[in-house]
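Student: One structure coming up, written as structure tokens, with questions to follow.
The values are calculated or read from the model by the stated rules, or taken from the named source; none is laboratory data. A quick note: this is a predicted structure, and the numbers were derived from the prediction, not measured. Here the Cβ positions follow ideal geometry from the backbone for every residue, glycine too, while neighbour counts run over all protein chains shown. SASA here: full protein model, heavy atoms, side chains in, ligands and nucleic acids out. Shrake-Rupley method; radii C 1.70, N 1.55, O 1.52, S 1.80 Å.
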Amino acid sequence: MVDVDGFTDRLDYPMYVVTAAADGVPAGCLVGFASQCSLDPPRFVVWLSRANHTYRVAQGSALLGVHLLGREQHQLARLFGGECGDRVDKFADIPWEPRTGGTPVLTDSCAWWVGKVERRADWGDHVGFHLTPVEAGADPPPHQELLRLSDVADLTPGHPA
């Protein structure tokens, strides 16, 4: 296997919280693997680890929520990235509301959207969810700095990838 650490160690992409709901159960996790993949129509892909509780819930969901956090929202990132949904109700003590199709939306996120799952694709230890936006919201300008990978480097994951 080729060692690409010299490349990937330099990346500092935004972090996202991805949420899902199935059978009335909300789930969410911190995600670093995500990207816009089409301009017209607007499309996005988020990759969820197969080991993740949110992945299992997302398998039964037609919609996913994608959220951007501000740099100062480290505690929210710690909750969604450092706790495991198999053991903790991540939504118990945070402000959120069900939006399109019951998709959980974190009301304190600086921007969010709900996307319809168009297809799923196997990408190794992660599965890509190809999404088309159906609803969105954001704080008005001026925009705050986004939470990035370097901001959560000290975070211990809730489970192995």
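Student: At 4 °C and 1.567 mPa s, grab the translational diffusion coefficient of the chain from Stokes-Einstein with a Kirkwood Rh over Cα pairs, rounded to a whole number in µm² per second.
Tutor: My calculation gives 81 µm²/s for D.
Student: Show me, for the stretch 130-142, the HN-Hα J-couplings you get by feeding each phi into the Karplus relation (A = 6.51, B = -1.76, C = 1.60, θ = phi - 60°), rounded to Hz, glycine and proline as x.
Tutor: Each residue of the stretch 130-142 in turn: 8, 10, 10, x, 10, 7, 8, x, 7, 5, x, x, x Hz.
Student: Let me ask you something else. Treat the stretch 20-80 as a sphere of radius equal to its Kirkwood radius over Cα pairs and apply Stokes-Einstein at 25 °C in a medium of 0.890 mPa s; give the translational diffusion coefficient in µm²/s, rounded to a whole number.
Tutor: Stokes-Einstein gives a translational diffusion coefficient of 191 µm²/s.
Student: Now for a different question. Any idea what Rg and Dmax come out to for the stretch 87-161 if you just take the C-alpha atoms, in Å?
Tutor: Using the Cα atoms of the stretch 87-161, the pair Rg, Dmax is 15.1, 39 Å.
Student: In whole percent, how big is the carbon plus sulfur part of the accessible area of the chain, probe 1.4 Å, protein atoms only?
Tutor: After summing per-atom areas, the C and S share lands at 55 percent.
Student: Just A34, A138, A20 to compare: in a GNM of the chain, with alpha carbon springs under 10 Å, which one fluctuates most?
Tutor: A138
Student: Amide H neighbours of L146 under 5 Å, counting only residues 5+ apart in sequence or on other chains, H built in-plane at 1.01 Å?
Tutor: Here R71 satisfy the definition.
Student: Specify which residue in the list S49, T132, G28 is farthest towards the positive end of the charge dipole of the chain, using unit charges on the beta carbon of Lys, Arg (+1) and Asp, Glu (-1), about the Cα centre.
Tutor: T132
Student: Quick query: amide H of E118 versus all other amide H atoms, modeled in the peptide plane; which residues come in under 5 Å with a sequence gap of 5 or more or a different chain?
Tutor: It is H130, L131, T132, by chain and number.
Student: Using a simple charge model, +1 on the beta-carbon of Lys and Arg, -1 on the beta-carbon of Asp and Glu, nothing else, what dipole does the chain show about its Cα centre, in debye to the nearest 20?
Tutor: 420 debye
Student: How much accessible area per residue does the stretch 46-126 have, counting only protein heavy atoms and a probe of 1.4 Å, in square angstrom?
Tutor: 47 Å²
Student: Working only with C-alpha atoms, what are the Rg and Dmax values of the stretch 121-161, expressed in angstrom?
Tutor: Spelled out, the Cα radius of gyration and Dmax of the stretch 121-161 are 15.5, 39 Å.
Student: Give, to the nearest whole percent, the P(r) tail of the stretch 34-128 beyond 22 angstrom, counting all Cα pairs.
Tutor: More than 22 Å apart: 30 percent of the Cα pairs in the stretch 34-128.
Student: Can you sort F7, F91 by solvent-accessible area, 1.4 Å probe, largest first?
Tutor: F7, F91
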